[in-house]
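Contents: one structure, followed by commentary.
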Amino acid sequence: MAGNLIQVMGQVLACRSRQRHLSDLAEIVYRKEVPVPRLQRRFCLREHRARPPARARRLAFGVSLLSLAFAAACGASPDAESPADEAVEGGTEGSAQTTGDAASIATHAVGLSYHTVGSALASLISNHSDISATVVATAGPNAWMPDLEAGNVDFGLLSVVDVGWSMEGGPGYENPAEHLRTVAQGAALHGSGLTVRADSGIERIEDLAGRRVASDYGGNVISARFVELGLESVGVGWDNVDAVPVADVSTGIDALRNGQVDAISGAAPTSPNLLDAHVATPVRILPVGNHTPADIADGVPSETQEMIDRLIPGATLATQPAGTGMLEEETVLIQHRVQLVSSDHVTADTVYAALDALWENYEEMHDAHPLAQWVPEDMVPSAPRAPYHEGAVQFYEDQGVWTDEHQQAQEELQTATAG
C-alpha cells in the first residue's frame, strides 16, 4: 500500500499541471478516501513523464509535505525513510518533458479580435500553470499554419471554417494539415461581411457595382470569402466591381478609412481596429443577401445557407443586437466558431496543463472581449473538423465529458488523417 501511494505521489509531483492540487492530495491520502488508481487518474496523466532535476528540486517542500501525509495514511513513522525524492528524479529515459517553459499562441494581427482573445488566453494560461504563454501576431491562419505544422508555434486561434479548409488543403492552404489537432472550441464569432463608409451613399450590396472592393486578403482567405459571399448573394460578381488586393483585414480597414477602397471585409463589429475606424469615419455593414433580422427570424433561407455552405462551410447567419460593438441597430452577421488548436508536436502534458488552466479559470477571460466568452459546456464539440490532441482527450476524459460520440468522431478523423 505504502509503495503504491508513494508512487502516485511521485507521479503527481512530476505533473506540473497538477501541482496546485498538492494540499488536496495530501488530505485525501491522509483520510484514505480514494483508491490509488483513481488518484492516478484525478491528479496526473495516465503515463508518467520525466521532469528535469531542476524542477524536482523546486518541489522539495511538496515532497516533504506529502511524505508526512503518506506516512500517516500507511501507518508508518513520520521519520521513516521515503523514496519520494527518487520517484521525482526518476523517469523513463528519452520520454517527453512534462511541459515546456514557454508556449506560443498564433493569432491574427494586433487590433483584431483574435489577437485580443489570444492575449487574454495567454495571460490566463501563464497565471494558472507553469507555462509562460505568449502571442504571435500574424496576418492570419493561412500565414501561421505552416509554422504550426512544422512545430515552430504551439497553439493557434482560428475559425472552425479554417480548421476544415486546412485539413483538406482547401482555400489558402497549399497542402492538407497532417499535424493539426483540436484543443477546445471557443465563442461564436460574428463577422461583419461587406462593410462600407456611412458617408459613401452605398445602401445595398448592389450599389457596389463599379466600385473598389478589397480582395485577396493574403494571410486570411476567409475574409476574401466573406466579400465573395456578400457579392454573390445578390448576383454581383468580381467582374462587376474593381477588385483591390489587400494584405490582411487590418490593411483593408485602413484602406476604407483612408478612402482607398469603397468596401471591405470588416471583421467583427467588436474588433478594436473596426471600432477605431468607426469613431474616425463611421461605417455601415451590408448584410449577406441584404437580409434583415426579420428575414432570418425563422431560420436562414435555404438558398442562402446553401451558398454559405459552399463558400464558407461551418458558418451561418445570426442577428446581433444594437450596441454590439459599432452596431447602431439589429444587424444580420456571419456567424462561425473560434477554435483553439495545437499540433502533435506539442506534448500531451502541455495541452493538458493549458486546458486545465482554461477550464478552471475561463471566467477571467470574459472581460477582455465579447469573443472571449468561452464556457466549458461549449469547449468540447462532438463533431470537430480536426482530431483532438491526445492531451485534450485525456483531459476531457478526466472531466467526464468525453462521450462515445466524441470517440467515434475521433477515430473517424484519425483514420481519414492517416489515409
Test set (1) in a helix (DSSP H, G or I); (2) within 16 Å of residue 234 (Cβ to Cβ); (3) of a type outside the set (D, E, K, R) - residue 277 fails condition number = (2)
Please find, within region 255-277, the residue that is nearest to the chain's Cα centre (by Cα) out of those that are surrounded by fewer than 20 Cβ atoms within 10 Å (Cβ to Cβ) and under 17 Å from residue 220 (Cβ atoms).
-> 272
Regarding residue 233, is this residue assigned by TED's automatic domain parsing to the domain that holds residue 317, among the polar types (S, T, N, Q) and either modelled with pLDDT under 95 or in contact with a strand residue (DSSP E or B) (Cβ under 7 Å, 6 or more places away or on another chain) (or both)?
-> no
Pairing a residue in region 286-312 that is assigned by TED's automatic domain parsing to the domain that holds residue 224 with any residue that is part of a loop (DSSP other than H, G, I, E, B) and among the charged types (D, E, K, R), where Cβ atoms lie under 8 Å and the two sit 6 or more apart in sequence or on different chains, gives 286/204; 290/204; 293/330
Within the bounds of region 387-399, is there any residue that is in a loop (DSSP other than H, G, I, E, B), surrounded by fewer than 21 Cβ atoms within 10 Å (Cβ to Cβ) and touching a residue at least 12 places away in the same chain (Cβ under 8 Å)?
-> no
Total residues in region 187-231, condition within 30 Å of the chain's Cα centre (by Cα) and not basic (Lys, Arg) = 27
Unmet requirement for residue 145, which otherwise passes all of (1) among the aliphatic types (A, V, I, L, M); (2) under 27 Å from residue 367 (Cβ atoms); (3) buried (at least 23 other Cβ atoms within 10 Å of the Cβ) = (2)
Across region 163-202, the tally of residues that are in a helix (DSSP H, G or I) and either more than 25 Å from residue 241 (Cβ to Cβ) or in the same structural domain as residue 260 (by TED's automatic domain parsing) (or both) stands at 5
Could you please let me know if residue 133 is assigned to a loop (DSSP other than H, G, I, E, B), buried (at least 19 other Cβ atoms within 10 Å of the Cβ) and within 17 Å of the chain's Cα centre (by Cα)?
-> no
In this structure, does residue 209 turn out to be among the hydrophobic types (A, V, I, L, M, F, W, C) and either crowded, with 24+ Cβ neighbours inside 10 Å or out of contact with any strand residue (DSSP E or B) (no Cβ under 8 Å at 6 or more places or on another chain) (or both)?
-> yes
Complete set of residues in region 218-253 that are of a type in the set (Val, Ile, Thr), surrounded by fewer than 23 Cβ atoms within 10 Å (Cβ to Cβ) and in contact with a helix residue (DSSP H, G or I) (Cβ under 9 Å, 6 or more places away or on another chain) = 221, 234, 236, 241, 244
Does region 395-404 include one or more residues that are outside the structural domain of residue 268 (by TED's automatic domain parsing), over 22 Å from the mean Cα position of the chain (by Cα) and at pLDDT 95 or above?
-> yes
Within 17 Å of residue 193 (Cβ to Cβ), under 14 Å from the mean Cα position of the chain (by Cα) and in contact (Cβ under 8 Å) with a residue 12 or more places away in the chain - does that describe any residue in region 376-383?
-> no
Can residue 215 be described as polar (S, T, N, Q), in contact with a helix residue (DSSP H, G or I) (Cβ under 9 Å, 6 or more places away or on another chain) and either assigned to a helix (DSSP H, G or I) or crowded, with 23+ Cβ neighbours inside 10 Å (or both)?
-> no
Is it the case that region 299-306 has a residue that's hydroxyl-bearing (Ser, Thr, Tyr) and over 30 Å from residue 231 (Cβ atoms)?
-> no
Restricting the search to region 280-298, which residues are within 16 Å of residue 228 (Cβ to Cβ) and in a loop (DSSP other than H, G, I, E, B)?
-> 287
Which condition breaks for residue 344 when tested against (1) surrounded by fewer than 19 Cβ atoms within 10 Å (Cβ to Cβ); (2) outside the structural domain of residue 179 (by TED's automatic domain parsing); (3) under 27 Å from residue 221 (Cα atoms)?
-> (2)
Of 358, 317, 413, 327, the only residue that is buried (at least 18 other Cβ atoms within 10 Å of the Cβ) and within 13 Å of the chain's Cα centre (by Cα) is 358
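The values are calculated or read from the model by the stated rules, or taken from the named source; none is laboratory data. Keep in mind that what you see is a predicted model, and the values were worked out from it rather than measured. Note that we place each Cβ from the backbone using ideal geometry, even for glycine, and neighbour counts take in every protein chain shown.
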